[in-house]
1. Within 12 Å, Cβ to Cβ, of residue C:275, how many net charges do the neighbouring residues add up to if Lys/Arg are +1 and Asp/Glu are -1?
2. Per residue of the range A:16-26, in order, report the coupling 6.51 cos²θ - 1.76 cosθ + 1.60 (Karplus, θ = phi - 60°) as ³J(HN,Hα) in whole Hz, putting x for Gly and Pro.
3. For residue A:747 and residue A:643, compute 0.36 nm times the residue count separating them, minus their Cα-Cα distance, and round to one decimal in nm.
4. I'd like the Karplus ³J(HN,Hα) series for the range C:474-489: coefficients 6.51, -1.76, 1.60, θ = phi - 60°, whole numbers in Hz, and an x wherever there's a Gly or Pro.
5. Given an 8 Å cut-off on Cα distances and at least 6 residues of separation, report the relative contact order of chain C as a percent.
6. How much accessible area does residue A:317 have with a 1.4 Å probe, in Å² rounded to the nearest 10?
7. Based on DSSP H runs of at least 4 residues, each adding -39500 (n - 2.57), what is the mean residue ellipticity at 222 nm of chain A after dividing by all its residues, to the nearest 500 deg cm²/dmol?
8. Can you tell me the FRET efficiency between residue C:103 and residue C:479 if r is taken as the Cβ-Cβ distance and R0 is 35 Å, rounded to the nearest 0.05?
Amino acid sequence: MSSASIIPNLLTLAWLLPLVAFAVICLGCSMVQRRQGQVPYELQRRAGLLSVGAIGAATLLSFIALFVWLGTHEWTGGAHGGELHPNGPPRYYADDWYSLVEIGSLKLTLGYYVDALTVLMFAMVTFIATCVHVYALGYMHDELHEVTDHEVNVRGRHLHRPGRFHRFFQYLSLFSFSMLGIVIAGNLAMVFMFWELVGICSYFLIGFYIERHSASTAANKAFIVNRVGDFGMLIGMMALWASVGTFSFGDIPQGDKVQPGLFSQLRNESNDFALVPTVGFVSPQEESADAKYPGYWLLTIAGIGIFCGCVGKSAQFPLHVWLPDAMEGPTPVSALVHSATMVAAGVYLVGRFYPVFTPEALLVIAYTGCITLFIAATIALTATDIKRVLAYSTVSQLGYMMLALGIGGWVAGMFHLMTHAFFKSLLFLCSGSVIHAVHTNELPLMGGLRKKMPITAYTMLVGCLAIIGAGLPIAGIGLSGYYSKDAIIEQALSFAKLNGPHRVLLLAPVLGAVLTAFYMFRMWYLAFVGPPRDKHRYDHAHESPRVMTVPLLVLAFMAIAAGWNVGPLCITGLLESAQPIGTAVGAKGSLAAALTIPAESLSHAPAIKQQAGLWAFGAAALGVLLATVFYCWKVMNSSEVASTFRPIHRLLLSKWWFDELYDWVFVKPTLAIGLGIAWVDRRMIDGLIHFLARCAKWGAGIVGSIFDVRVIDGAVDGLAALTWGGAGELRKIQTGRLRQYVMFIVLGFLALTFAALGVAFAR
Amino acid sequence: MVVGALLFTCGVVCMATKRNLLGVLMGVELVLNGANLNFIALGSPYLRSVEGSLGLDGQLIALFVIVLAAAEAAVALAIALNFYNNFQTIDIDHAESLSG
Amino acid sequence: MLTSIIDHLLADTTRISLPLFYPELVLCATIVLMLLVKIFPAGEKLHSFWLALAGSLLALGLCLWRPGLSQLATLERQELFTGMLVFDGLGVFLRTLLLAFLVLFLVLTKLTHLADREDGQDFFSLVLGATLGMCLMVSANHLMTVFLAIEMASVPSYVLAGLVKGRRRASEAALKYAVYGAGAAGVMLYGISLLAGLLGTAHLPTIGDRLIAGQGAAGPGLDSGVLVALALAAIMVLVGLAFKLSAVPFHFWAPDVFEGATAEVGAFLSVASKAAALGLLIRLVAAAVPNDAPTHLIAVDSVRAQLVASSSVELSTFAPHKFLSIALAVIAAVTCTFGNIAAYVQTNIKRMLAYSTIAHAGYLIMPAAAAAQVGGAGMRDPFAAILIYAAIYLFMNLTAFAIVAFLRNSLGSEEIADYAGLWRRSPWVVVAMVVTLFSLVGIPPLAGFNAKFVALYALVAAGGPWMIALVVVACINTVISLVYYLRVAKVMIIDTPTDEAETSPAVSTAAASYLLVTTLPMIILFLFPQRLFALAQAATASLFG
């Protein structure tokens, strides 16, 4: 088996294993439930183990695939000077497995597209998923017996319900399957399918404690906001299909021919892999007129449409409102779904779809990311729920990634995606550990937990350091976040140098770095340092069991080491080898003529590297200093500052009033329109129908009594009577007398003879 | 042939009108023999030319039919005996419980 | 001269005829064996059923093996015993059908304990003898064989009808059957004599030839006197056939005989003798209507036959076939209408099934009318339709009568009203009965629909006003027949049982599995009729070379 088939096969197998676990748990437990009325807890525990086993095996297979890839493909290792990255198409394997439907020229197929990015993402997603699965075995142990939900009131008492351990792992397995489906997908339609599937899994997982009103509302919100984004994605998909005629990313071999995919058609070797709209994009008006850039607008809009979907999925402005509410789900869900994987799916799609974005679309992406990272960072400053802080931090970091991708830093953005996955999931799992210990999410009720939960505290510290990008700029070593954040700021600097008017795209990440450092350490200090603010909870706090702390340690290790190059394992190198077709040289905007997107290799220039490194370090240091001043040394009082800047503080505390705005602009009008339509339906339409019904009944009564009864029934009854009468008469023929029978032989014969003779003589 | 036709008609009339079961069976025999006579007559070379007549086939068929008639008569008589055992009469008009 | 004749006869008999005659020979041997074995004390203990079953299975196997159903289409037509019998695809098909039915029938009689140990050999030898006669009927090639075979099939049936000793009705039924049958056979014999005498031959293919030659431009014409006599003869032969088929107005024996005889014998009569009679009908119509069938004439001085092609004739000038088709059409229409309407008021299920048999005979004759009208090679499809209908009819009627037999054993009654509430006792028996009833009506998705459809399609394909009228009559009759068939189902399912306490199953498991075996084909033949259709077409194709 060549590497062409072994890697896709390994990844396919790794992808399908969680589905098998899901199917087994779902069907098996439902059968047991039907027979016994309730799934026994021992079986539920085994279901969880099955899920863990499946994802663990998937991790193993993904890593094997990664090593096979490393072994069979050359890669450019590590950092290098400012030389250009190769511009041609990266090494990939693409094929279709199965054709779902073919309507006319629209072919919806299931297929794969495997390049270095896919292999890396597989390894990352499965690895983190395994850690989260193992963690969840411990975290969800409450579900292994009857649960008393204190947040739900049923007739004045708390809700008692049986535990649902197996359901959790069932949904986790399904989610893993869906997420890996997005990663391996070879065409946009399949991405969309699994996009929706991931959304559904997120709905199930957020609303796991479905009896809680807050949780079910949050699940609804997540799904609906996602759908708004998907609307834009559909428009983009339609535009693409109408113009290009295919959804596939790569070239699909069909017999001896090769059907070109999206990338090959839009970035042709004849144009030096520059993005040139194909003939399908050119509208009739543009054809005749001497249009400057035929088809360009449509291509840009297609790109922005696809990006809309990513806005929804990755919680970018303005569709970011669902992610903080999604923290209603259990912490493992937040760790896996809402920090490392599902929200990363949006970034991943932008990265996968990169060659099709025009520079103008990329600019839109960059600005969206910029705005997002700023707003989210500011809200995180004042959040008091530990998970909300992390949630806004996630939104902010996603903004970083979008920004990086938008300004041409493909490698930087994807690199940050990977490192972020590690340390954000680590942070969430640590927060879960804390919540598990003190039974509250609120930071003001915590404090001084460092002594009680050392492992959690210090691994969380590692996570905080990673997210702020702690490292030594001169020596060039640091935690994983150091490398990725630096890469982003390098690219921002390179971009700002070429595009003066868009300098804000450089200031925002730097300012964001300050804010990030501030709120992360604020969180850490509030939770782990200082005197405990709630004695009762502090006394009950204890370190989490090993099944929860071991994943923390593993992830902490990865958070530290992900940026290092260990032999062939170099994430940057692999990513560079997967650089999408034609994007390595940067681009010049056509509609926005002044826009120049720099090639990423330019950002490796020593001058830029040093400057960016210093800026990043400075920003992080400033943020940490401020946080320490406020919360560790308590030199300045945070509440005083808050009261000084009361309007701003209120703005931040109410999350920039986005929820209220959406409620007023969208939710209430929709409900009002719904009520109005219901009134119209009830009064007018129903009234009309009732009236018509009365008329029909009256008419039918008349018709029925006259026509139906007399005529039709009469005919039928008459016919029946005729038949029965005939039968009675015929019965009399059969007299039972033999002589009569024989007589009838003679008579019959004579009759036939006369008939024959009559016919004969008539001729 | 005429005799054959005569026998045939007599037999049919007998079958159709006789009340006595044995009389009916005699009528059956008459019919069969009338047909037999027909066979022989039609097989004769004097009725038609040699190629156009039944020839020896007629005689052979008549032989077979005689045997067959005898077998049939035997069976019919056995059935008549059975009938007598059950009904104590050979008046076939009494056999009318199966009707309608 | 004599020696050469004897040599030729010997060669013909031993080398050609006998090997193709094995199944019938096996049946003969079984009868003899069954009767002889009782002489010995060891044989007395043996139930004749096993011998009969073994013999019939062997016969069936021989029929299937040489030359086998798969080679029906390429079967070469061979005349046996100097032209008395013919061996062709039609004969093989119907023979297989009859022998298969025989096997199923024997199993049925075992299950209902109809024949006990002492009388077993009588009963079985009668059954086997009747079947032997029917096998001869379907292979008949000579008018004498026709008559002989009809008698050979009918006479044992007379006895079978009255076999249950001590029952008044059985003896009355046997009497009526015997007398009526003898009368009809006598009329038929007279007709045969006239026909053979007028045309100068009793060999069926030669008759066909001479009929055509007589009417065609070539050859001497038949004057009107001869034509009248021929018509009379044909009608008389039809009388005999109509008696066997229980077609109106020669059906009077059927209701009484079916009611008087036991249900198993009713099954035998309604299926086997009808199938054989249909085979005969096909042969006679094929002989009477001009077609391009090659006729083999056996010359004295050669062992192998010579092909003599019959002269073709303008169909429009050939009046007899039109007359034949109209006659058959009228008889068919009257038969099925009469059968359906008269069945309405019946309260005895066997009598009702008798009338149903009469009605189905009407449906079965319809394609023959179409064939007579079409003539030529177009006769193939209507005849195939008859064969298909006959095959499907076998299962339908066998199941119906088997159910009646089983229920007679357990309930002791044959009145429809006594079947009330059977649903509660034996739901599967009711299911089998409902399937059979629906199939008899001709409702899809059961095989009866296929059968009716094929038959009516043959009518439509033939075209012409008479045929279309026949189609309309058939459709109306199907609708009419719904009532009395479904009335039985209604009684079984909806009516309350007279004895509510009785909840044990009405039939034994063995009987139920037998019913399953006979009911399944009705469903299977609807879903996968292709094999049957192909076989029937191949069988009739061999009629025309």
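1. +3
2. 7, 4, x, 5, 4, 4, 4, 4, 4, 5, 4
3. Details: separation 104, 0.36 × 104 = 37.44 nm, distance 12.38 nm.
Net length gain for the segment: 25.1 nm.
4. 4, 5, 4, 5, 4, 4, 4, 5, 3, 4, 6, 5, 6, 4, 4, 4
5. For chain C, the relative contact order is 16 percent.
6. 60
7. Numbers: 29 runs with 489 residues, N = 763.
Rounded to the nearest 500, it is -21500 deg cm²/dmol.
8. Numbers: r = 36 Å, r/R0 = 1.02.
So the FRET efficiency works out to roughly 0.45.
The values are calculated or read from the model by the stated rules, or taken from the named source; none is laboratory data. Computed from a predicted model, the values in this text were never measured in an experiment. Counting neighbours? That spans all protein chains shown, and the Cβs are built from the backbone with ideal geometry, glycine included. What goes into the accessible areas is simple: the full protein's heavy atoms, side chains included, and nothing from ligands, DNA or RNA. Shrake-Rupley method; radii C 1.70, N 1.55, O 1.52, S 1.80 Å.
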